[in-house]
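What follows is one structure encoded as structure tokens, with my remarks underneath.
The values are calculated or read from the model by the stated rules, or taken from the named source; none is laboratory data. In this text, all values refer to a predicted model and were calculated from it rather than measured experimentally. In this analysis, Cβ positions are derived from the backbone assuming ideal geometry, glycine residues included, and neighbour counts consider all displayed protein chains. Surface accessibility is based on the protein's heavy atoms, side chains included, excluding ligands, DNA and RNA. Shrake-Rupley method; radii C 1.70, N 1.55, O 1.52, S 1.80 Å.
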Amino acid sequence: MYLRRTASIAFWIALTVFLIRHPETGAQTVKAIGGGFALLADALSRFIEAF
């Protein structure tokens, strides 16, 4: 649990630093990550609905 929480915090810190240093590319990256999370949630929802 500690390692997962630490990795999550490190990910968000790295993403924030990337956004600050490269705002144009960072916006595209955040949009892609958000889209990926949405697709994952949709796939999980359809999988659960099937059972």
Worksheet, complete the sentence: For the chain, the charge dipole (Cβ of Lys, Arg +1; Cβ of Asp, Glu -1; about the Cα centre) points to a positive end, and the Cα of Phe18, Leu44, Ala32 closest to that extreme belongs to Phe18
Item to complete: Would you work out the charge dipole size for the chain about its Cα centre, treating the Cβ of every Lys and Arg as +1 and the Cβ of every Asp and Glu as -1, and quote it to the nearest 20 debye?
Response: 200
Worksheet item: Taking a temperature of 25 °C and a viscosity of 0.890 mPa s, what whole-number D in µm²/s does Stokes-Einstein yield for the chain with Rh from Kirkwood over alpha carbon pairs?
Response: 193
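Excluding ligands, DNA and RNA, what is the solvent-accessible area per residue of the chain at a probe of 1.4 Å, expressed in Å²?
That works out to 91 Å² for each residue.
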Worksheet item: Which angle from 0 to 90°, rounded to the nearest 10, does the C-alpha axis of helix 2-21 make with the longest principal axis of the chain?
Response: 50
